[in-house]
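Below is one structure, written out as structure tokens; the observations come after it.
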Number of protein chains: 2
Amino acid sequence: MPNIKDVANRAGVSVTTVSRIMNNRGYISESTRKKVYDAMEELNYHPNEMAKSLYTKKSNLIGLILPDVSIPFYAEEAKHIEEALYMNGYKLLLCNASNNCIREKEYIAMLQRNQVDGIIIGSHTLKLEEYTKLKLPIVALDRFLGKDIPVISADHAQGGSLAANEFIRLGCKNVIQFIGNTQVATPANEKNSTFSEIMKNNNINCVNIEFPVNFFSFENYLPFIKTALDANPNVDGIFAVDTIAFAVIKELSFRNLKVPSDVKIIGYDGIAIGSIIAPILTTIKQPIRDIANSAVSTLLYLINNDSTIVPSDIKLPVMLSQGQTT
Amino acid sequence: MPNIKDVANRAGVSVTTVSRIMNNRGYISESTRKKVYDAMEELNYHPNEMAKSLYTKKSNLIGLILPDVSIPFYAEEAKHIEEALYMNGYKLLLCNASNNCIREKEYIAMLQRNQVDGIIIGSHTLKLEEYTKLKLPIVALDRFLGKDIPVISADHAQGGSLAANEFIRLGCKNVIQFIGNTQVATPANEKNSTFSEIMKNNNINCVNIEFPVNFFSFENYLPFIKTALDANPNVDGIFAVDTIAFAVIKELSFRNLKVPSDVKIIGYDGIAIGSIIAPILTTIKQPIRDIANSAVSTLLYLINNDSTIVPSDIKLPVMLSQGQTT
């Protein structure tokens, strides 16, 4: 059976170069990569990473548990996380918890059985103990999972404040804020509280409408929004995540209410598809790629440093993106 | 170190039950699952699947290579594929080829090193030989990758025909069809050819506008569409995948052209987010979940049957979903 040395000789490069390409570390020119891959193929060389893992006790596998990768925000997070892991020579095991705690538990057990080096969790259906007792490096995306698990998120307080001050500037008097279910322990709750507080301090009527837990499927959006608008006929400003904001715009068009003259709308997230949808949504952009990169670098720190120092939580700045809905 | 028997005793169930839960095969009541997981935790039992894999020569890992999981259509495919794999006790390694052949090649080599049991490929940056010479079960999503690689796709000829006949029914005379790059060997090209042919046979002017290879990032859509509309000012019907259709609607609104009175639009794909965007897009729905399920069941057939019989390609029916843009 051929070994790495045979590949290096065949490709006319050093063993180090072959190993760097195999482990996807450091810059190697495309021509050199091509030479090495051609040599591997000619020799039909396929090092068994699982055997290697058993020896090195490192799988270079990372688990990512999300509620649902088909939700645009999560899809973008997954893409950027996979990208960052790839650049560091890691592979991504994708798990959709589908808001099901049995399933999330099975995934976590499966990931441990598969000796993943660490887990990035954006799901939240289990009790905190379930996460804290895991003997694995874990990073949480926008979730509080336990005191020793670092949380990566956008600066949601800043986001709530940016949106609130925009509605004030625009002279709105009756605002609806759609908020995630408050049972979920997430930094995003700071967005809601900051927003409500600023509204209150400025004597602006603010109704918070809370979604059920894990309210993800689009077909549920419109009935929910209809009820909210029926109950608040004099609304002149709406603050909600982008996908809800799109559905709000749709429901308002059925009611012949004009955006922004009758109702002003500010979204939250800044998902990419927003850039091709009319009207252009005014939205608070989360730095999705930076969140993904920080989650990966924090996890790799935990994996590669046996230190007991837990990296501190990371809050990344958001920005207001002016569109046609305000 | 505890073994599976200890777990069974602790949980008060049979070893078979524990192993079925561990391999996620067959129905087990949630209460039994809970008992078994609790027992595993109390005993801190984590069977090493990698050691098992080396012995069984089966990793239960499946690689999925997509161009970009953040594109809504691929995000939905990834979700349903992961779901179907999970139900069958397999795990998903997600790879975003990012339209980069070096990277796609590295992924394929990586997946082989990691002893995946099979690969589902929706990407297409490599030469056919690169796929056919792989010694692994492979299923192609909407791509022709080689004569022994089964292709799962929607019935695109039916899709092209449904759209064409709808434009005829609506009396359109000058239609633009946006089409994917024809260098890509995909069954979707049948959509384009069927559509063009029916238009021609009915003396309707049909301009095909072809995208560059792997034209995925939303920011490129509008400039491209602007050019197309400038070159065809008298267009009264447009046929394009949903995301392009959204961007077309946006561009038409800038031009104060009314949809559908001035220009009728039919989308293609039927992505979920379309249901919350106004106006409701008339579109040809691909059965995304069925495509994912068929890809998984075909791949599992290849993995579990040493037969040299290659499953035939699968074409799944599409349907016209009536919206407000026609």
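Quote the FRET efficiency, to the nearest 0.05, computed for B:Asn234 versus B:Val184 with a Förster distance R0 of 25 Å and r equal to the Cβ-Cβ distance.
Values: r = 30 Å, r/R0 = 1.20.
Efficiency computed from Cβ-Cβ geometry: 0.25.
In this assembly, the B-A interface accounts for approximately 6200 Å² of buried accessible surface in total, computed with a 1.4 Å probe and without ligands, DNA or RNA.
Take B:Arg169, push a point 7 Å out from Cα through the beta-carbon direction, and compare it with the same point in every other copy: 4.8 nm, smallest first. In order along region A:152-166, the phi-based Karplus estimate (6.51 cos²θ - 1.76 cosθ + 1.60, θ = phi - 60°) of 3J(HN,Hα) comes to 10, 7, 6, 7, 5, 4, 4, x, x, 5, 4, 5, 4, 5, 5 Hz; Gly and Pro are listed as x.
Enter the angle in degrees (range 0 to 90, nearest 10) between the Cα long axis of helix A:30-42 and the first principal axis of the Cα atoms of chain A, meaning the one along which they spread out most. Roughly 60 degrees between the two axes.
Here the relative contact order of chain A, from alpha carbon pairs under 8 Å that lie six or more residues apart, stands at 17 percent. Here chain B is treated as a Stokes sphere of Kirkwood radius computed over C-alpha pairs; at 20 °C and 1.002 mPa s its diffusion coefficient rounds to 97 µm²/s. Largest GNM mean-square fluctuation among B:Leu43, B:Leu299, B:Leu281, using chain B with Cα springs under 10 Å: B:Leu43.
By how many nm would the segment from B:Leu170 to B:Lys226 grow when fully extended, if each residue of separation counts as 0.36 nm and the alpha-carbon distance is taken off?
Numbers: separation 56, 0.36 × 56 = 20.16 nm, distance 2.42 nm.
Gain in length upon complete extension: 17.7 nm.
Give the shape of region B:156-286 as rounded, prolate or oblate, defined through the alpha-carbon gyration tensor: a ≥ b ≥ c are the square roots of its eigenvalues, a/c under 1.5 means rounded, and otherwise the shape is prolate if a/b is larger than b/c and oblate if not. Note, shape of region B:156-286 comes out rounded. Looking at the protein assembly as shown, the DSSP beta bridges with both ends there are about 10 percent antiparallel. Remark: the protein assembly as shown carries a charge dipole of roughly 760 debye about the Cα centre, counting +1 on each Lys and Arg Cβ and -1 on each Asp and Glu Cβ. Taking the protein heavy atoms of the protein assembly as shown in the context of the full set of protein chains, the accessible area attributed to carbon and sulfur is 53 percent at 1.4 Å.
Within the listed set A:Asn114, A:Asn44, A:Asn88, the Gaussian network model of chain A (springs between alpha-carbon atoms below 10 Å) gives the highest mean-square fluctuation for A:Asn44. Relative to one another, the C-alpha centroids of region A:54-105 and region B:63-125 are positioned 12 Å apart.
Per residue, chain A exposes 40 Å² of solvent-accessible protein surface, assessed with a 1.4 angstrom probe and all protein chains in place.
Computed per residue of chain B from DSSP H runs no shorter than four, each worth -39500 (n - 2.57), the mean residue ellipticity at 222 nm is -13000 deg cm²/dmol. With label points defined 7 Å past Cα in the direction of Cβ, position A:Glu219 shows copy-to-copy spacings of 3.6 nm, given to one decimal and shortest first.
In a reduced charge model with +1 at each Lys and Arg Cβ and -1 at each Asp and Glu Cβ, region A:38-185 shows a dipole moment near 660 debye about its Cα centre. Here B:Asn304 yields copy-to-copy label distances, from shortest upward, of 4.2 nm, the label point defined as 7 Å from Cα along Cα to C-beta.
Placing dummy labels 7 Å off each Cα toward the beta-carbon, the span from B:Lys133 to A:Glu197 is 6.4 nm. The angle separating the long axis of helix A:72-87 from the principal Cα axis of greatest extent in chain A is about 20 degrees. For A:Lys258, a cut-off of 29 angstrom between C-alpha atoms picks up these lysines, skipping any fewer than 8 places away in its own chain: A:Lys173, A:Lys191, A:Lys200, A:Lys226, A:Lys250, A:Lys285, B:Lys226, B:Lys250, B:Lys258, B:Lys264.
Taking A:His46, A:His124, A:His80 in turn, the Gaussian network model of chain A (Cα-Cα springs below 10 Å) assigns the largest fluctuation to A:His46.
Rounded, prolate or oblate, given the Cα gyration tensor of the protein assembly as shown, with a/c below 1.5 counting as rounded?
Working: a/c = 1.79, a/b = 1.19, b/c = 1.50.
Oblate, because a/c is 1.5 or more while a/b does not exceed b/c.
Which angle between 0 and 90 degrees, to the nearest 10, do you get for helix B:101-113 versus the longest principal axis of chain B when only C-alpha atoms count? The angle comes out near 20 degrees. Between rounded, prolate and oblate, where does region B:156-232 land on the alpha carbon gyration tensor, with a ≥ b ≥ c its root eigenvalues, rounded for a/c under 1.5, else prolate if a/b exceeds b/c? Judged from the Cα gyration tensor, region B:156-232 comes out oblate (a/c at least 1.5, b/c at or above a/b).
The values are calculated or read from the model by the stated rules, or taken from the named source; none is laboratory data. In this text, all values refer to a predicted model and were calculated from it rather than measured experimentally. Here the Cβ is made from the backbone with ideal geometry for all residues, glycine too, and neighbour counts use every protein chain on show. With ligands, DNA and RNA removed, areas are computed over all heavy atoms of the protein, side chains included. Shrake-Rupley method; radii C 1.70, N 1.55, O 1.52, S 1.80 Å.
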